[in-house]
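What follows is a short report on a single structure.
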Amino acid sequence: MEVKKVVDVRGLNPKERQKIVMEESKKLETGEIIEVISDDERMPKFAPKIAEAMGNIEFINVKKENGLY
């Protein structure tokens with residue numbers, strides 16, 4: 001699968017992050033992937049819950065690279 005959209009939410013609070021990701025994910029077609037870049041170390045724990053709460057995206061994976069998630 002290929003990433004369709006990259007959304008950088010570094011430095012934003014959780015509510016702002018969720019709003020932006022939700023807005024951007026609504027623009028995707030079924031099967032497209034959105035990559036979210038965050039500097040919040042809580043993302044591995046919260047990303048699946050955020051995706052579930054949104055209801056319109058499926059959580060796939062979290063990886064850490066150079067201090068980003």
Q) Is at least one residue of the stretch 31-38 surrounded by fewer than 15 Cβ atoms within 10 Å (Cβ to Cβ), among the β-branched types (V, I, T), on the phi < 0 side of the Ramachandran plot and part of a loop (DSSP other than H, G, I, E, B)? A) no
Q.
If a residue must be assigned to a helix (DSSP H, G or I) and more than 21 Å from K27 (Cβ to Cβ), how many such residues does the stretch 47-65 contain?
A. 2
(Q) Among the listed residues S25, S38, identify the single one that is hydroxyl-bearing (S, T, Y), in contact with a strand residue (DSSP E or B) (Cβ under 8 Å, 6 or more places away or on another chain) and closer than 14 Å to K4 by Cβ. (A) S25
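Being modelled with pLDDT of 90 or more, among the aliphatic types (A, V, I, L, M) and surrounded by 14 or more Cβ atoms within 10 Å (Cβ to Cβ): is that true of V9 here?
Values: modelled with pLDDT of 90 or more: yes; among the aliphatic types (A, V, I, L, M): yes; surrounded by 14 or more Cβ atoms within 10 Å (Cβ to Cβ): yes.
When the stated conditions are applied, V9 passes them.
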Q | Options I60, I33, I20; residue that is free of Cβ contacts under 8 Å to residues at least 24 places away in the same chain and of a type in the set (A, V, I, L, M, F, W, C) | A | I20
Q. Counting only residues that are of a type in the set (V, I, T) and not in a loop (DSSP other than H, G, I, E, B), which one in the stretch 12-30 is surrounded by the most Cβ atoms within 10 Å (Cβ to Cβ)?
A. V21
Q: Considering only the stretch 52-69, state which residues are surrounded by 10 or more Cβ atoms within 10 Å (Cβ to Cβ) and either of a type in the set (A, V, I, L, M) or modelled with pLDDT of 85 or more (or both).
A: A53, M54, I57, I60, V62, K64, L68
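The values are calculated or read from the model by the stated rules, or taken from the named source; none is laboratory data. Here the structure is a predicted model, which means the values were calculated and not measured. Reconstructed Cβ throughout: ideal geometry from the backbone, glycine too, with neighbour counts over all protein chains shown.
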